[in-house]
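Below is one structure, written out as C-alpha coordinates; comments come after it.
The values are calculated or read from the model by the stated rules, or taken from the named source; none is laboratory data. The structure displayed is predicted, hence computed values, not measured ones. Heads up, the Cβs are rebuilt from the backbone with ideal geometry, glycines too, and the neighbour counts pull from every protein chain shown. For accessibility, only protein heavy atoms count, side chains too; no ligands or nucleic acids. Shrake-Rupley method; radii C 1.70, N 1.55, O 1.52, S 1.80 Å.
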Amino acid sequence: MTAQRNLASEKLREIVATVLELEPSEVGESDPWVDELGMTSLEKLEAITRIQEAFGTTLTPQQAAAIGSVADALAVLAPADPEAGQVDLAGRLVRNRIDAGEGDRTAYIDPDVGRVSYTGLYAAARDYAAALRATGVRPGERGVVIAGDSVATVAAVLGHWWLGSVPVVVSPLLDDADIAFAVEDCGARVVHVDGSDAKRAALHGTLAHLMRLDGEDTRRRMPEGRAPADDVPPPHTGPADAEALVQYTSGSTGAPKGVRHSAAGLLAMVDGFGGVLGLRPDDTLLTTARLSFGYGFGNAVLRVLARHRAASQWHPADRRGRLRLRGDPRFRNRAALALHRPGRTRPQPGRGRAPHPGPGPPGRGPRPRRARTRRPRGAARLPLRLSHRLTLRAAVNQEE
(Lines give C-alpha, C1' and ligand atoms only; values in the text may rest on other atoms or scores of the structure.)
Protein backbone atom coordinates (compact mmCIF):
# COMPACT_ATOMS: atom_id res chain seq x y z
CA MET A 1 0.00 0.00 0.00
CA THR A 2 2.85 2.36 0.76
CA ALA A 3 4.41 1.62 -2.64
CA GLN A 4 1.10 2.37 -4.38
CA ARG A 5 0.76 5.59 -2.44
CA ASN A 6 4.27 6.67 -3.36
CA LEU A 7 3.59 6.03 -7.03
CA ALA A 8 0.37 8.05 -6.82
CA SER A 9 2.20 10.88 -5.04
CA GLU A 10 4.92 10.92 -7.70
CA LYS A 11 2.34 11.03 -10.50
CA LEU A 12 0.47 13.90 -8.82
CA ARG A 13 3.66 15.91 -8.35
CA GLU A 14 4.50 15.43 -12.03
CA ILE A 15 1.03 16.69 -13.00
CA VAL A 16 1.32 19.79 -10.84
CA ALA A 17 4.85 20.43 -12.04
CA THR A 18 3.71 20.21 -15.67
CA VAL A 19 0.87 22.66 -15.10
CA LEU A 20 3.09 25.15 -13.26
CA GLU A 21 6.16 24.56 -15.46
CA LEU A 22 8.25 23.42 -12.51
CA GLU A 23 10.44 20.43 -11.75
CA PRO A 24 8.63 17.63 -9.83
CA SER A 25 11.22 18.00 -7.08
CA GLU A 26 9.97 21.57 -6.52
CA VAL A 27 6.48 20.33 -5.64
CA GLY A 28 6.23 19.15 -2.03
CA GLU A 29 3.46 16.81 -1.01
CA SER A 30 2.10 19.27 1.57
CA ASP A 31 2.83 22.48 -0.38
CA PRO A 32 -0.41 24.48 -0.80
CA TRP A 33 -0.80 25.00 -4.54
CA VAL A 34 -2.19 28.52 -4.28
CA ASP A 35 -0.38 29.97 -1.26
CA GLU A 36 3.06 28.41 -1.80
CA LEU A 37 3.26 27.53 -5.50
CA GLY A 38 1.23 30.44 -6.87
CA MET A 39 -1.30 28.34 -8.77
CA THR A 40 -4.13 30.31 -10.38
CA SER A 41 -7.77 29.16 -10.58
CA LEU A 42 -7.38 28.28 -14.26
CA GLU A 43 -4.22 26.29 -13.53
CA LYS A 44 -6.02 24.41 -10.76
CA LEU A 45 -8.81 23.54 -13.19
CA GLU A 46 -6.21 22.17 -15.59
CA ALA A 47 -4.53 20.21 -12.79
CA ILE A 48 -7.85 18.69 -11.66
CA THR A 49 -8.66 17.73 -15.26
CA ARG A 50 -5.28 16.06 -15.69
CA ILE A 51 -5.67 14.22 -12.36
CA GLN A 52 -9.04 12.81 -13.43
CA GLU A 53 -7.60 11.63 -16.73
CA ALA A 54 -4.47 10.13 -15.16
CA PHE A 55 -6.35 8.24 -12.43
CA GLY A 56 -9.41 7.34 -14.49
CA THR A 57 -11.87 8.91 -12.10
CA THR A 58 -14.44 11.69 -11.95
CA LEU A 59 -14.32 14.07 -9.01
CA THR A 60 -17.39 15.81 -7.64
CA PRO A 61 -17.28 19.62 -7.40
CA GLN A 62 -16.95 19.24 -3.62
CA GLN A 63 -13.98 16.87 -3.96
CA ALA A 64 -12.27 19.13 -6.49
CA ALA A 65 -12.74 22.16 -4.23
CA ALA A 66 -11.23 20.27 -1.27
CA ILE A 67 -7.98 19.61 -3.15
CA GLY A 68 -5.32 22.21 -2.47
CA SER A 69 -2.16 20.11 -2.35
CA VAL A 70 -0.82 16.73 -3.42
CA ALA A 71 -1.64 15.38 0.06
CA ASP A 72 -5.24 16.55 -0.32
CA ALA A 73 -5.48 14.84 -3.70
CA LEU A 74 -4.15 11.60 -2.21
CA ALA A 75 -6.78 11.76 0.53
CA VAL A 76 -9.58 12.31 -2.01
CA LEU A 77 -8.34 9.52 -4.28
CA ALA A 78 -7.94 7.09 -1.35
CA PRO A 79 -11.51 5.68 -1.63
CA ALA A 80 -10.46 4.07 -4.93
CA ASP A 81 -8.41 1.67 -2.79
CA PRO A 82 -9.64 -1.97 -2.80
CA GLU A 83 -10.36 -1.60 0.91
CA ALA A 84 -12.65 1.38 0.36
CA GLY A 85 -14.92 1.92 3.35
CA GLN A 86 -12.22 0.75 5.77
CA VAL A 87 -10.47 3.35 7.92
CA ASP A 88 -7.16 3.27 9.80
CA LEU A 89 -7.43 6.42 11.91
CA ALA A 90 -3.93 6.19 13.38
CA GLY A 91 -2.50 5.79 9.89
CA ARG A 92 -4.64 8.49 8.33
CA LEU A 93 -3.83 11.04 11.03
CA VAL A 94 -0.16 10.32 11.78
CA ARG A 95 1.42 7.60 9.65
CA ASN A 96 0.64 9.48 6.42
CA ARG A 97 2.86 12.33 7.59
CA ILE A 98 5.74 9.93 8.26
CA ASP A 99 5.31 8.23 4.88
CA ALA A 100 5.46 11.67 3.27
CA GLY A 101 8.89 12.25 4.82
CA GLU A 102 7.58 14.65 7.47
CA GLY A 103 8.09 12.48 10.54
CA ASP A 104 10.54 14.93 12.10
CA ARG A 105 8.11 17.85 11.92
CA THR A 106 6.66 19.08 15.20
CA ALA A 107 3.18 17.73 15.89
CA TYR A 108 2.70 19.12 19.41
CA ILE A 109 4.36 21.43 21.89
CA ASP A 110 3.49 20.28 25.38
CA PRO A 111 4.44 22.21 28.55
CA ASP A 112 5.48 19.01 30.33
CA VAL A 113 6.98 16.99 27.47
CA GLY A 114 8.31 19.63 25.08
CA ARG A 115 8.23 19.24 21.30
CA VAL A 116 6.79 15.98 20.00
CA SER A 117 7.37 14.97 16.38
CA TYR A 118 4.97 12.91 14.27
CA THR A 119 7.38 9.98 14.54
CA GLY A 120 7.46 10.37 18.33
CA LEU A 121 3.67 10.64 18.51
CA TYR A 122 3.25 7.51 16.39
CA ALA A 123 5.62 5.62 18.68
CA ALA A 124 3.70 6.86 21.74
CA ALA A 125 0.42 5.66 20.21
CA ARG A 126 1.94 2.24 19.52
CA ASP A 127 3.29 2.11 23.08
CA TYR A 128 -0.12 3.01 24.49
CA ALA A 129 -1.80 0.38 22.29
CA ALA A 130 0.60 -2.20 23.74
CA ALA A 131 -0.34 -1.11 27.27
CA LEU A 132 -4.05 -1.40 26.45
CA ARG A 133 -3.54 -4.84 24.97
CA ALA A 134 -1.70 -5.93 28.10
CA THR A 135 -4.74 -5.00 30.20
CA GLY A 136 -6.94 -7.27 28.05
CA VAL A 137 -8.71 -4.59 26.03
CA ARG A 138 -10.01 -5.90 22.68
CA PRO A 139 -11.13 -4.13 19.48
CA GLY A 140 -14.61 -2.65 19.80
CA GLU A 141 -14.44 -2.27 23.58
CA ARG A 142 -14.55 1.16 25.20
CA GLY A 143 -12.03 2.87 27.41
CA VAL A 144 -12.52 6.18 29.22
CA VAL A 145 -9.89 8.85 28.60
CA ILE A 146 -9.98 11.57 31.26
CA ALA A 147 -8.77 14.20 28.86
CA GLY A 148 -6.25 16.51 30.49
CA ASP A 149 -4.76 19.26 28.31
CA SER A 150 -1.72 17.19 27.47
CA VAL A 151 -0.18 15.33 24.56
CA ALA A 152 -0.69 12.23 26.73
CA THR A 153 -4.41 12.52 25.93
CA VAL A 154 -3.66 12.53 22.20
CA ALA A 155 -1.42 9.47 22.60
CA ALA A 156 -4.18 7.69 24.55
CA VAL A 157 -6.82 8.42 21.91
CA LEU A 158 -4.50 7.34 19.08
CA GLY A 159 -3.54 4.23 21.07
CA HIS A 160 -7.18 3.22 21.31
CA TRP A 161 -7.62 3.75 17.56
CA TRP A 162 -4.45 1.74 16.91
CA LEU A 163 -5.87 -1.20 18.85
CA GLY A 164 -9.40 -0.76 17.47
CA SER A 165 -10.99 0.10 20.81
CA VAL A 166 -13.13 3.19 21.34
CA PRO A 167 -11.86 6.16 23.39
CA VAL A 168 -14.53 7.78 25.56
CA VAL A 169 -13.45 11.35 26.26
CA VAL A 170 -14.45 12.73 29.68
CA SER A 171 -13.59 16.10 31.22
CA PRO A 172 -11.28 16.10 34.24
CA LEU A 173 -13.30 19.06 35.55
CA LEU A 174 -16.24 16.76 36.35
CA ASP A 175 -16.42 15.72 39.98
CA ASP A 176 -15.44 12.16 40.87
CA ALA A 177 -19.06 11.01 41.07
CA ASP A 178 -19.86 12.22 37.54
CA ILE A 179 -16.69 10.62 36.17
CA ALA A 180 -17.60 7.34 37.88
CA PHE A 181 -21.09 7.63 36.36
CA ALA A 182 -19.65 8.09 32.84
CA VAL A 183 -17.29 5.13 33.31
CA GLU A 184 -20.17 2.87 34.35
CA ASP A 185 -22.61 4.31 31.81
CA CYS A 186 -20.38 3.56 28.81
CA GLY A 187 -19.21 0.17 30.06
CA ALA A 188 -15.52 1.12 30.01
CA ARG A 189 -12.99 -1.70 30.22
CA VAL A 190 -10.09 0.58 31.16
CA VAL A 191 -9.62 4.20 32.33
CA HIS A 192 -6.88 6.68 31.42
CA VAL A 193 -6.50 8.77 34.60
CA ASP A 194 -5.14 12.31 34.33
CA GLY A 195 -5.32 15.70 36.00
CA SER A 196 -3.67 17.15 39.09
CA ASP A 197 -1.83 14.86 41.48
CA ALA A 198 -4.73 15.05 43.93
CA LYS A 199 -7.30 14.38 41.20
CA ARG A 200 -5.41 11.36 39.91
CA ALA A 201 -4.95 9.92 43.39
CA ALA A 202 -8.67 10.30 44.13
CA LEU A 203 -9.69 8.68 40.86
CA HIS A 204 -7.31 5.77 41.32
CA GLY A 205 -9.13 5.12 44.57
CA THR A 206 -12.65 5.62 43.19
CA LEU A 207 -11.98 3.43 40.15
CA ALA A 208 -9.81 0.84 41.88
CA HIS A 209 -12.07 -1.97 40.60
CA LEU A 210 -11.08 -1.19 36.98
CA MET A 211 -7.87 -1.41 35.00
CA ARG A 212 -6.21 2.03 34.91
CA LEU A 213 -3.45 3.73 32.94
CA ASP A 214 -1.93 6.99 34.14
CA GLY A 215 -1.29 10.09 32.03
CA GLU A 216 1.82 10.86 34.08
CA ASP A 217 3.32 7.50 33.07
CA THR A 218 2.49 8.22 29.41
CA ARG A 219 4.22 11.61 29.56
CA ARG A 220 7.26 10.14 31.29
CA ARG A 221 7.70 7.40 28.68
CA MET A 222 7.40 9.69 25.64
CA PRO A 223 10.86 11.34 25.80
CA GLU A 224 12.56 8.03 26.64
CA GLY A 225 12.32 6.67 23.09
CA ARG A 226 11.75 3.11 24.28
CA ALA A 227 12.03 0.26 21.78
CA PRO A 228 8.57 -0.79 20.59
CA ALA A 229 7.04 -3.94 21.99
CA ASP A 230 7.34 -6.91 19.63
CA ASP A 231 3.78 -8.13 20.10
CA VAL A 232 1.93 -4.96 19.03
CA PRO A 233 -0.31 -5.70 16.02
CA PRO A 234 -0.47 -3.32 13.05
CA PRO A 235 -2.88 -0.37 13.39
CA HIS A 236 -6.50 -1.48 13.31
CA THR A 237 -8.55 -0.97 10.15
CA GLY A 238 -12.31 -0.95 10.58
CA PRO A 239 -15.57 0.09 8.91
CA ALA A 240 -15.94 3.82 8.39
CA ASP A 241 -19.42 3.76 9.93
CA ALA A 242 -18.31 2.01 13.12
CA GLU A 243 -18.20 3.82 16.46
CA ALA A 244 -14.78 5.49 16.84
CA LEU A 245 -15.24 8.07 19.60
CA VAL A 246 -17.61 8.91 22.45
CA GLN A 247 -17.56 12.37 24.04
CA TYR A 248 -19.36 13.04 27.32
CA THR A 249 -21.10 16.34 27.90
CA SER A 250 -20.42 18.49 30.96
CA GLY A 251 -23.62 17.51 32.72
CA SER A 252 -24.59 21.14 33.27
CA THR A 253 -28.20 20.34 32.30
CA GLY A 254 -28.40 17.01 34.09
CA ALA A 255 -26.39 13.80 34.07
CA PRO A 256 -23.46 13.75 31.59
CA LYS A 257 -24.47 12.23 28.26
CA GLY A 258 -22.33 10.29 25.80
CA VAL A 259 -22.28 11.46 22.18
CA ARG A 260 -21.18 8.79 19.69
CA HIS A 261 -19.11 9.55 16.57
CA SER A 262 -18.20 7.27 13.67
CA ALA A 263 -14.81 7.27 11.96
CA ALA A 264 -16.47 8.63 8.83
CA GLY A 265 -17.99 11.46 10.87
CA LEU A 266 -14.62 12.44 12.30
CA LEU A 267 -12.97 12.51 8.88
CA ALA A 268 -15.92 14.39 7.38
CA MET A 269 -15.39 17.10 9.98
CA VAL A 270 -11.78 17.41 8.91
CA ASP A 271 -12.46 17.29 5.16
CA GLY A 272 -15.25 19.84 5.56
CA PHE A 273 -14.89 22.81 7.85
CA GLY A 274 -11.60 21.50 9.26
CA GLY A 275 -9.78 23.10 6.35
CA VAL A 276 -11.28 26.58 6.70
CA LEU A 277 -8.21 27.98 8.45
CA GLY A 278 -5.92 27.16 5.54
CA LEU A 279 -3.10 26.02 7.84
CA ARG A 280 0.35 25.70 6.31
CA PRO A 281 3.19 23.31 7.23
CA ASP A 282 5.09 25.98 9.16
CA ASP A 283 2.06 27.26 11.09
CA THR A 284 1.64 26.96 14.84
CA LEU A 285 -1.92 26.83 16.15
CA LEU A 286 -2.57 28.22 19.63
CA THR A 287 -5.83 27.08 21.21
CA THR A 288 -7.21 27.70 24.68
CA ALA A 289 -10.20 25.36 24.32
CA ARG A 290 -9.81 22.25 26.47
CA LEU A 291 -9.19 18.84 24.90
CA SER A 292 -12.17 17.39 26.74
CA PHE A 293 -14.45 19.89 24.99
CA GLY A 294 -15.61 18.96 21.48
CA TYR A 295 -14.39 22.24 20.02
CA GLY A 296 -10.96 21.82 21.61
CA PHE A 297 -10.73 18.17 20.52
CA GLY A 298 -11.48 19.19 16.95
CA ASN A 299 -8.77 21.86 17.10
CA ALA A 300 -6.09 19.89 18.89
CA VAL A 301 -6.48 16.40 17.43
CA LEU A 302 -8.46 16.29 14.20
CA ARG A 303 -7.51 19.59 12.55
CA VAL A 304 -3.83 19.50 13.49
CA LEU A 305 -3.21 15.90 12.48
CA ALA A 306 -5.45 15.38 9.49
CA ARG A 307 -5.26 18.46 7.31
CA HIS A 308 -1.65 17.85 6.24
CA ARG A 309 -0.97 21.57 6.75
CA ALA A 310 -0.70 22.14 10.49
CA ALA A 311 2.68 21.98 12.14
CA SER A 312 2.14 22.11 15.87
CA GLN A 313 -0.37 22.58 18.62
CA TRP A 314 0.32 24.25 21.94
CA HIS A 315 -1.86 24.09 25.02
CA PRO A 316 -1.30 27.11 27.27
CA ALA A 317 -3.06 25.46 30.21
CA ASP A 318 -1.10 22.72 31.91
CA ARG A 319 -2.70 19.48 33.09
CA ARG A 320 -3.65 21.17 36.38
CA GLY A 321 -5.63 23.80 34.50
CA ARG A 322 -3.18 26.61 35.23
CA LEU A 323 -1.64 28.86 32.62
CA ARG A 324 2.09 28.32 32.47
CA LEU A 325 2.59 32.00 31.75
CA ARG A 326 2.55 33.86 35.05
CA GLY A 327 1.80 37.50 35.72
CA ASP A 328 -1.06 39.86 35.01
CA PRO A 329 -3.89 37.88 33.30
CA ARG A 330 -4.40 40.76 30.86
CA PHE A 331 -0.98 40.09 29.34
CA ARG A 332 -0.99 36.28 29.25
CA ASN A 333 -2.35 36.09 25.70
CA ARG A 334 0.22 38.67 24.63
CA ALA A 335 3.00 36.62 26.24
CA ALA A 336 1.75 33.45 24.56
CA LEU A 337 1.73 35.17 21.17
CA ALA A 338 5.24 36.49 21.71
CA LEU A 339 6.60 33.13 22.90
CA HIS A 340 5.05 30.78 20.34
CA ARG A 341 4.22 33.23 17.50
CA PRO A 342 1.19 31.22 16.33
CA GLY A 343 0.00 31.49 12.76
CA ARG A 344 -3.58 31.10 13.96
CA THR A 345 -5.33 31.56 17.29
CA ARG A 346 -8.37 29.54 18.30
CA PRO A 347 -9.95 31.04 21.43
CA GLN A 348 -12.61 29.12 23.28
CA PRO A 349 -16.24 29.83 22.25
CA GLY A 350 -17.76 32.51 24.42
CA ARG A 351 -14.33 34.13 24.63
CA GLY A 352 -13.96 34.59 20.88
CA ARG A 353 -13.45 32.11 18.08
CA ALA A 354 -12.39 34.14 15.09
CA PRO A 355 -9.20 32.97 13.35
CA HIS A 356 -6.68 35.71 12.91
CA PRO A 357 -3.30 35.72 11.15
CA GLY A 358 -0.42 35.91 13.58
CA PRO A 359 3.00 37.46 13.23
CA GLY A 360 4.52 34.47 11.44
CA PRO A 361 7.53 32.27 12.24
CA PRO A 362 10.60 34.02 13.69
CA GLY A 363 12.80 35.45 10.98
CA ARG A 364 10.22 34.90 8.25
CA GLY A 365 8.53 38.30 8.30
CA PRO A 366 4.83 39.08 8.63
CA ARG A 367 2.07 36.99 7.13
CA PRO A 368 1.14 38.33 3.70
CA ARG A 369 -2.49 37.31 3.96
CA ARG A 370 -5.07 39.81 5.17
CA ALA A 371 -6.70 39.17 8.53
CA ARG A 372 -9.97 37.27 8.26
CA THR A 373 -12.50 37.73 11.04
CA ARG A 374 -15.71 35.72 11.34
CA ARG A 375 -18.53 36.94 13.52
CA PRO A 376 -20.57 33.97 14.77
CA ARG A 377 -23.89 34.72 16.38
CA GLY A 378 -24.62 34.89 20.08
CA ALA A 379 -22.11 34.28 22.82
CA ALA A 380 -19.45 33.01 20.39
CA ARG A 381 -18.74 36.47 18.98
CA LEU A 382 -15.22 37.75 19.32
CA PRO A 383 -15.14 40.35 22.13
CA LEU A 384 -14.50 43.79 20.66
CA ARG A 385 -11.53 44.61 22.92
CA LEU A 386 -9.86 41.28 22.16
CA SER A 387 -10.43 41.86 18.45
CA HIS A 388 -8.77 45.28 18.69
CA ARG A 389 -5.84 43.84 20.65
CA LEU A 390 -5.21 41.04 18.13
CA THR A 391 -5.59 43.41 15.17
CA LEU A 392 -3.19 45.90 16.74
CA ARG A 393 -0.70 43.12 17.41
CA ALA A 394 -0.80 42.03 13.75
CA ALA A 395 -0.37 45.63 12.58
CA VAL A 396 2.62 46.17 14.88
CA ASN A 397 4.32 43.07 13.53
CA GLN A 398 3.75 44.16 9.95
CA GLU A 399 5.37 47.53 10.71
CA GLU A 400 8.31 45.74 12.31
message: Could you give the length gained by full extension between Glu53 and Asp241, i.e. 0.36 nm per residue of separation minus their alpha carbon distance, to one decimal place?
response: 64.7 nm
- line: Cα convex hull volume per residue for the stretch 23-104, in Å³, equals 117 Å³
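How much accessible area per residue does the stretch 33-175 have, in Å², with a 1.4 Å probe? Walk me through the numbers on the way to the answer.
Values: 5440 Å² over 143 residues.
Here the per-residue accessible area is 38 Å².
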message: Can you give the log10 of the normalised intensity I(q)/I(0) at q = 0.12, 0.19 Å⁻¹, computed with Debye over equal Cα scatterers of the stretch 1-155?
response: -0.65, -1.18
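Multiplying the sequence separation of His204 and Glu46 by 0.36 nm and subtracting their Cα-Cα distance, what value in nm do you get?
Working: separation 158, 0.36 × 158 = 56.88 nm, distance 5.92 nm.
Difference between extended and current length: 51.0 nm.
Against the globular-protein guess of 2.2 N^0.38 Å, express the Cα radius of gyration of the stretch 124-197 as a ratio, rounded to two decimals. If you can, show how the numbers build up before the last one.
Numbers: Rg = 11.5 Å, N = 74, 2.2 N^0.38 = 11.3 Å.
For the stretch 124-197, the normalised Cα radius of gyration comes out at 1.02.
Expressed as a whole percentage, what fraction of the accessible surface of the stretch 111-223 belongs to carbon and sulfur atoms when a 1.4 Å probe is rolled over the protein heavy atoms? Mind dumping the intermediate values first?
Values: 1920 of 3810 Å².
The nonpolar share, carbon plus sulfur, comes to 50 percent.
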task: Would you work out which of Leu20, Val34, Asn96 lies farthest towards the positive end of the dipole of the stretch 4-104? Charges go on Cβ: Lys and Arg +1, Asp and Glu -1.
output: Asn96
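Order of 292-302, 159-169, 49-59 by packing, highest average Cβ count within 10 Å first?
Details: 292-302: 20.9, 159-169: 26.3, 49-59: 13.8.
Top to bottom by mean Cβ count within 10 Å: 159-169, 292-302, 49-59.
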field: Approximate spin-label separation Asp197-Asp35, in nm, with each point projected 7 Å along Cα-to-Cβ
entry: 4.2 nm
field: Stokes-Einstein D (µm²/s) once Rh is taken as the Kirkwood radius of the stretch 75-224 over alpha-carbon pairs, at 37 °C in 0.692 mPa s
entry: 205 µm²/s
